[in-house]
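> Submitted below is the structure of interest, expressed as structure tokens.
The values are calculated or read from the model by the stated rules, or taken from the named source; none is laboratory data. Predicted model only: the values in this text are computed from it and were never measured. All Cβ positions, even for glycine, are placed from backbone atoms using ideal geometry, and neighbour counts span all protein chains on display. For accessibility, only protein heavy atoms count, side chains too; no ligands or nucleic acids. Shrake-Rupley method; radii C 1.70, N 1.55, O 1.52, S 1.80 Å.
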Amino acid sequence: MADYNVIVIGAGPAGYVAAIRCAQLGMKTACIDKWINSEGKSSLGGTCLNVGCIPSKALLDSSHHYYFMQKHAATHGITCKDLDIDVAAMQARKATVVKKLTQGIGALFKNNKVTSIEGTARLIGNQQIEVTAHDGSKQTLTTDNIIIATGSVPAKIPVAPTDDKLIVDSTGALAFDSVPQRLGVIGAGAIGLELGSVWSRLGSQVTILEALPDFLATADRKIATFAQRELKKQGLDIHLGASVTGTTVANNEVTVSYKDDKGEQQLLVDKLIVAVGRKPNTESLGAGELGIQINERGFIEVDEFRQTAVPGIYAVGDVIGGPMLAHKGSEEGVMVAERLAGHKSEMSYDTVPWVIYTWPEVAWVGKTEAELKGVAYKVGQFPFAASGRAQAHGDTSGMVRILADAETDRLLGVHIFGISASELISEAVVAMEFDGSAEDLARMIHAHPTLAEAVHEAALGVDGRMIHA
Ligand code: FAD
Ligand code: NAD
């Protein structure tokens, strides 16, 4: 008999959720993770909790409070003399939030009877894993099934090698101990925009260099245009079609050379963040040796139920590609756990929500207009400026856009730019998950005054019957 029914490798949002669900369903489960935090201690939660979703949102919230006090509080009749920033205190708060949540996973493992094993896992057989503990000692574990959830690491580019001092990746950018006066960012993706926003709100002069000619190329075009305009107003200087050709570090400054439609350009900054995507993490895992297929981009190949080419070995989360989002990985983990227990669970990739936590936020689910080529669709669009709640809040930029099938009225995509878009998008996810129509959203009673009324109005707008615009 094997030591475990399931061993999960990686305790990020894909792995720890998979492990808990396996244990809930009665499987004897272990989860192996190698993460060592900046204090040199093991820490559960993977990228998301340690250096991703959670610390970035903690800094986004702190920096937003400062920005609000500086730019908007006076319009609410609130003034504050001697407003100041204490970056060390802000970072300490971030660390406390991270600690609470990463330790919380340890407690969840305990409560659910998941055995937590610290160390690096290596596949040495279809049902055998070698674990090297942080002190170098090794043990071999046997298991009926394996779930690989080893996640991803920041992608590097040769033209801007990180030195963890002046040229940093997202992890470095979450840990600045002072506000850089001039901050460069390579990549206007989720990380570039979120971390660029954090430091811009705190006073950095931020320049973002993006290789693609379109801003937020995968988002709705109208929403992207509004978001770009709004972020520009906030001080983010975003250069599109900018191809970085090199970087040099001298005198505590970084010179970034890039080419755009105006020719060769140079940017001088105090810090540079490289945020050009993430790459799957299969380093020293031994996956290839076992016959697990790894594609040319390094992602583990899986079937629709996330099983690799080796029966009994599954992979979930960032390491298999698709949207590199925590909630996508977690739901894959749940699906694999439940299928191992004999359930018929499936995953709805069409309704994975996307959020970018700028201020205001960008959120969407389903298709964009560009993706609906050849499909007849109707659009309902409602501006937050016409929302009573947004007016009361004092934050009226943005809109809700709903795309529905012209013939059947079925919801095809919902795109939001506005405050609390990250929360509002859930209503659209529910509606789309149930194959709902714009009429379904239009008939639902939305509490007044709420921002969700903007979703309601946009749904009414699909049929040309908005009340408040
Ligand atoms: P990971 O979280 O990367 O976890 C993998 C784990 O496996 C790690 O703990 C690693 O130590 C461990 N591991 C790897 N190899 C081994 C091995 N051989 N043995 C033992 N352990 C191993 N996503 C969102 O949805 N929302 C957000 O707001 C968001 N914000 C982000 C902000 C930043 C700055 C970054 C960098 C990412 C953000 N993401 C966000 C993306 C999100 O963090 C990832 O999609 C998510 O963490 C992927 O989860 P995962 O479990 O697949 O992998
Ligand atoms: P990303 O893929 O979102 O964006 C990277 C950007 O860098 C792209 O726009 C790309 O065109 C650009 N780029 C790539 N190479 C370049 C180059 N040489 N010069 C200039 N621009 C270049 O990746 P990211 O922002 O690094 O984030 C990594 C992953 O983490 C993403 O998959 C993202 O989904 C996830 N993440 C999600 C959230 C969220 O859900 N809110 C937040 C942060 C990160």
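> Let me confirm something: among Leu267, Leu195, Leu216, which residue is outside any strand (DSSP E or B), open to solvent by 10 Å² or more (accessible area, probe 1.4 Å), within 16 Å of ligand 2 (Cβ to nearest atom) and not assigned by TED's automatic domain parsing to the domain that holds Trp364? Working first, answer last.
Details: Leu267 fails: outside any strand (DSSP E or B); Leu195 fails: open to solvent by 10 Å² or more (accessible area, probe 1.4 Å).
Of the residues listed, the single one that is outside any strand (DSSP E or B), open to solvent by 10 Å² or more (accessible area, probe 1.4 Å), within 16 Å of ligand 2 (Cβ to nearest atom) and not assigned by TED's automatic domain parsing to the domain that holds Trp364 is Leu216.
> Of the conditions (1) assigned to a helix (DSSP H, G or I); (2) in contact with a helix residue (DSSP H, G or I) (Cβ under 7 Å, 6 or more places away or on another chain); (3) open to solvent by 20 Å² or more (accessible area, probe 1.4 Å); (4) under 18 Å from Val352 (Cβ atoms), His456 satisfies every one except a single condition; which number is it?
The number of the failed condition is (4).
> From the list Val179, Val153, Val168, which one is of a type outside the set (D, E, K, R), over 23 Å from Ala287 (Cβ atoms) and within 16 Å of ligand 2 (Cβ to nearest atom)?
Working: Val179 fails: within 16 Å of ligand 2 (Cβ to nearest atom); Val153 fails: over 23 Å from Ala287 (Cβ atoms).
The unique qualifying residue is Val168.
> Moving to a separate point now. Only residues that are assigned to a loop (DSSP other than H, G, I, E, B), away from ligand 2 (no atom under 14 Å from the Cβ) and among the small types (Gly, Ala, Ser): list them for segment 198-213, please. Talk me through it step by step, then tell me what you get.
Start the filter on segment 198-213 by keeping residues that are assigned to a loop (DSSP other than H, G, I, E, B), which leaves 202-204, 210-213.
Right, trim to away from ligand 2 (no atom under 14 Å from the Cβ) and you get 202-204.
Answer for segment 198-213, where residues must be assigned to a loop (DSSP other than H, G, I, E, B), away from ligand 2 (no atom under 14 Å from the Cβ) and among the small types (Gly, Ala, Ser): Gly203, Ser204.
> Something else: How many residues, within segment 399-435, are of a type in the set (Gly, Ala, Ser) and more than 21 Å from the chain's Cα centre (by Cα)? Quick ask: steps written out before the conclusion?
Residues of segment 399-435 of a type in the set (Gly, Ala, Ser): 404, 406, 413, 418, 420-422, 426, 428, 431.
Subset that is more than 21 Å from the chain's Cα centre (by Cα): 404, 406, 431.
The qualifying residues number 3.
> OK, next. Just for segment 276-317: of the residues that are open to solvent by less than 30 Å² (accessible area, probe 1.4 Å), assigned to a loop (DSSP other than H, G, I, E, B) and of a type in the set (Val, Ile, Thr), which one is farthest from Gly184 (Cα to Cα)?
Val310
> Would you confirm whether or not segment 384-396 contains a residue that is of a type in the set (A, V, I, L, M, F, W, C), out of contact with any Phe, Trp or Tyr (no Cβ under 6 Å at 6 or more places or on another chain), open to solvent by less than 60 Å² (accessible area, probe 1.4 Å) and without any contact (Cβ under 8 Å) to a residue 24 or more places away in the chain? Break it down into steps so the answer makes sense when it comes.
Kept after step one, since they are of a type in the set (A, V, I, L, M, F, W, C), are these residues of segment 384-396: 384-386, 390, 392.
If we keep only those that are out of contact with any Phe, Trp or Tyr (no Cβ under 6 Å at 6 or more places or on another chain) as well, we get 384-386, 392.
Checking the rest, the ones that are also open to solvent by less than 60 Å² (accessible area, probe 1.4 Å) come to 384-386.
The next check asks that each one be without any contact (Cβ under 8 Å) to a residue 24 or more places away in the chain; those that pass are 385.
Yes, segment 384-396 contains at least one residue that is of a type in the set (A, V, I, L, M, F, W, C), out of contact with any Phe, Trp or Tyr (no Cβ under 6 Å at 6 or more places or on another chain), open to solvent by less than 60 Å² (accessible area, probe 1.4 Å) and without any contact (Cβ under 8 Å) to a residue 24 or more places away in the chain.
> List the number of the failed condition for Ser348; all other conditions in (1) more than 24 Å from Lys28 (Cα to Cα); (2) buried (at least 22 other Cβ atoms within 10 Å of the Cβ) hold.
All conditions are met except number (2).
> Would you please list the contacts, defined by Cβ atoms under 7 Å and residues six or more apart or on different chains, that run from a residue in segment 9-24 that is among the basic types (Lys, Arg) to a residue that is open to solvent by less than 20 Å² (accessible area, probe 1.4 Å)?
Listed pairs, sorted by first residue: Arg21/Gly333; Arg21/Ala337.
> I need a count of the residues in segment 430-447 that are open to solvent by 20 Å² or more (accessible area, probe 1.4 Å) and either part of a loop (DSSP other than H, G, I, E, B) or more than 13 Å from Ile402 (Cβ to Cβ) (or both).
9
> Would you mind telling me which numbered condition in (1) under 27 Å from the mean Cα position of the chain (by Cα); (2) away from ligand 1 (no atom under 16 Å from the Cβ) Ala219 fails?
The one condition Ala219 does not meet is (2).
> Is it true that some residue in segment 45-58 is open to solvent by less than 50 Å² (accessible area, probe 1.4 Å), more than 16 Å from ligand 2 (Cβ to nearest atom) and of a type in the set (S, T, N, Q)?
The answer is no, given that none of the residues of segment 45-58 is open to solvent by less than 50 Å² (accessible area, probe 1.4 Å), more than 16 Å from ligand 2 (Cβ to nearest atom) and of a type in the set (S, T, N, Q).
> Would it be correct to say that Thr102 is touching a helix residue (DSSP H, G or I) at 6+ places or on another chain (Cβ under 8 Å), loosely packed, with under 12 Cβ neighbours inside 10 Å and outside any strand (DSSP E or B)? Full working, then the answer.
Values: touching a helix residue (DSSP H, G or I) at 6+ places or on another chain (Cβ under 8 Å): yes; loosely packed, with under 12 Cβ neighbours inside 10 Å: no; outside any strand (DSSP E or B): yes.
No; evaluated as a whole, the condition is false for this residue.
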